[in-house]
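Novice: Okay, handing you the structure first.
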Amino acid sequence: MAVGSFRRSIASQLSKVLDLPPENLIKSISAVPVSKKRHVADFQLSLASVIENGSSDCLGQDLHLQAQQLAERLKCDSVVSEITAGPGTVNFTINRELLAKTVLQQVWKDGSEYGVKSELFSAVPRQKAVIEFSSPNIAKKFHIGHLRSTIVGNFIANIKAALGHEVVRINYLGDWGMQFGLLGVGFQSFGNQEKLKSSPLQHLFEVYVQINKAAEDENTKKLAKDFFRKLEEHDEQTLSIWKQFRDLSIEEYIRIYKRLGVHFDEYSGESFYQEKAQEVLKMLEDKGLLQKTIKGTGVVDLSEKKDHSTVSTVMRSDGTSLYVTRDLAAAIDRMNKHSWDTMIYVTDKSQSNHFQHLFQILKLMGYDWAERCQHVSFGLIQGMKTRRGEVIFLEDVLNEVRSRMLQNMTSTKTTKALQDAVETAEKVGLAALIIQDFRGLLSSDYQFSWDRALQSRGDTGVFLQYTHARLHSLEQMHGNAELTDVNVACLLEPDAISVLQHLLRYDEVLYRSSQDLQPKHIVSYLLTLRDRTAP
Ligand code: ARG
């Protein structure tokens, strides 16, 4: 028997009494969250939810009474050992031995796929999802927003892939624009090939800072303009300098992302869409959507009401494209290339207007799929500083978390001497960073604190990793045991039952996170699992 069969078995009994197809009832039956108070039951049917799902006219006004009548008409069987009525709910308790055996067997059998095969997902069609995330700007700071985009985007891509969707992970680099004119000129004065090869991100950033200081002077400005113009005209030599900056930066990004367990299927970027953006401007013009302002810039009118004008600027007065124009070209290109079902952009909320405009323009252009584009935005993190000061590179954050964690480990007497202390510090530290970030709603801003994130107890990634390691060592100790050797009677104690009950909910939690793309449901599930299993 599978865990999912509990819900199905309850649904099939109910379906006879309520005269409704069992599929309509499954969503209204949920595992009861484990709370400090003793448990009422394992599963609960919510009558309000049955009505909400539009599945029943036979339920009347008084849900209290209805629940009672329903509970009386249902019978216990080999799966359900007790049925009671609550306020607007019917509660089901599963036969204890069956519960223990089934949950255990399935966790054992499915391993990391536990929950993924649940019937809750069977009605969800498999899709192809393009997820664009991280997207830093070459030669500029990799700020904390990019870090957040990296871990949130990775979470979304992972959960979708785990649930059987096809996922394309795209990193859309800021790799074009006047900054490359300045950088090119800056490199001629301050650049160093050795440094560029050994640490491209840092070196390009330093050059960029230096040349920006010098950029006040008219001559530098002119040189930078010329350099960028040559880039736009595809001058071979200029292009090859730019390409070296880009290629070396990507190499280093790949190395650093690896530390986070993140990879991309495509490194694209604004540079890819210079020419295609011109085609987009032509299309906008042909469709009568491009309006010229007195200043000569090109805008698209997005006003919904006459008295409230909103426009999006898509063209500079010299005819060149802007950020949004390149995004229009990129979206159309990705549709042609991948025929995706859904496309998700992950950035901080300061870009919400940008994406709203982008989707609106696509829609005006007649692309119905604009409705299947989604911007997943997140709030700002304040106060993340490293010992070197402000965060400039992703690697700074990773090194900082690792060294702080290592320090905590060495100062804790209980930590055993580890062979791979640095590696462990890195893994645990990163988990701490991610859990700190995923605990709340993505849209909330929060004040970052190293001490809070790295606490060894409490709601932290450190404590979760500790629990994980403990459970693994138990598994190692008993790894040879056959499931048939397990004495189910030992699992009937209230503490054991509450772990089993919690495990019953996992598919629902996964389902929730996969629907609203908020990792916090999974995090709080794991924290409760830790409470249930920690000594
Ligand atoms: N490079 C941009 C930045 O750092 C983020 C890119 C977001 N994605 C996009 N398709 N516009 O702000």
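Rule-based calculations on the coordinates, nothing more; no lab input. Bear in mind the structure is a predicted one, so any value in this text is a computation, not a measurement. Counting neighbours? That spans all protein chains shown, and the Cβs are built from the backbone with ideal geometry, glycine included.
Novice: Roughly speaking, what is the stretch gain from Gln419 to Ala489, that is 0.36 nm per residue apart minus the C-alpha to C-alpha distance, in nm to one decimal?
Specialist: Answer, rounded to one decimal: 21.3 nm.
Novice: Assuming R0 = 35 Å, what is the FRET efficiency of Lys222 and Arg372, from their Cβ-Cβ distance, to the nearest 0.05?
Specialist: Efficiency computed from Cβ-Cβ geometry: 0.20.
Novice: Given H placed on each backbone N at 1.01 Å, which residues far from His375 in sequence or on other chains put an amide H within less than 5 Å of it?
Specialist: Under 5 Å from the amide H of His375: Tyr345.
Novice: Quick query: amide H of Val314 versus all other amide H atoms, modeled in the peptide plane; which residues come in under 5 Å with a sequence gap of 5 or more or a different chain?
Specialist: Those qualifying (amide H under 5 Å, at least 5 residues apart or on another chain) are Gly298, Val299, Val300.
Novice: Let me ask something else. Please find the FRET efficiency linking Val124 to Gln193, where r is the Cβ-Cβ separation and R0 is fixed at 35 Å, and quote it to the nearest 0.05.
Specialist: It comes out at approximately 0.10.
Novice: Where does helix 323-338 land angle-wise versus the long Cα axis of the chain, in degrees 0 to 90, nearest 10?
Specialist: Its long axis makes an angle of about 60 degrees.
Novice: Given only helices, namely DSSP H runs of n ≥ 4 each adding -39500 (n - 2.57), what is the per-residue ellipticity at 222 nm of the chain, to the nearest 500 deg cm²/dmol?
Specialist: Rounded to the nearest 500, it is -16500 deg cm²/dmol.
Novice: Let me ask something else. What do you get for trypsin sites (Lys or Arg not before Pro) in region 269-312 restricted to DSSP loop and a cutoff of at most 15 other Cβ within 10 Å of the site's Cβ?
Specialist: Lys287, Lys295, Lys306
Novice: If you line up the long axis of helix 96-110 against the longest principal axis of the chain, both from Cα atoms, how many degrees apart are they, to the nearest 10?
Specialist: Result, in degrees: 30.
Novice: Which GluC sites (Glu not before Pro) in region 414-521 pass both tests, a DSSP loop state and at most 16 other beta-carbon atoms within 10 Å?
Specialist: Glu482
Novice: Okay, moving on. For the chain, take the longest principal axis of its alpha carbons; what is the angle in degrees between that and the long axis of helix 394-411, to the nearest 10 within 0 to 90?
Specialist: Roughly 50 degrees between the two axes.
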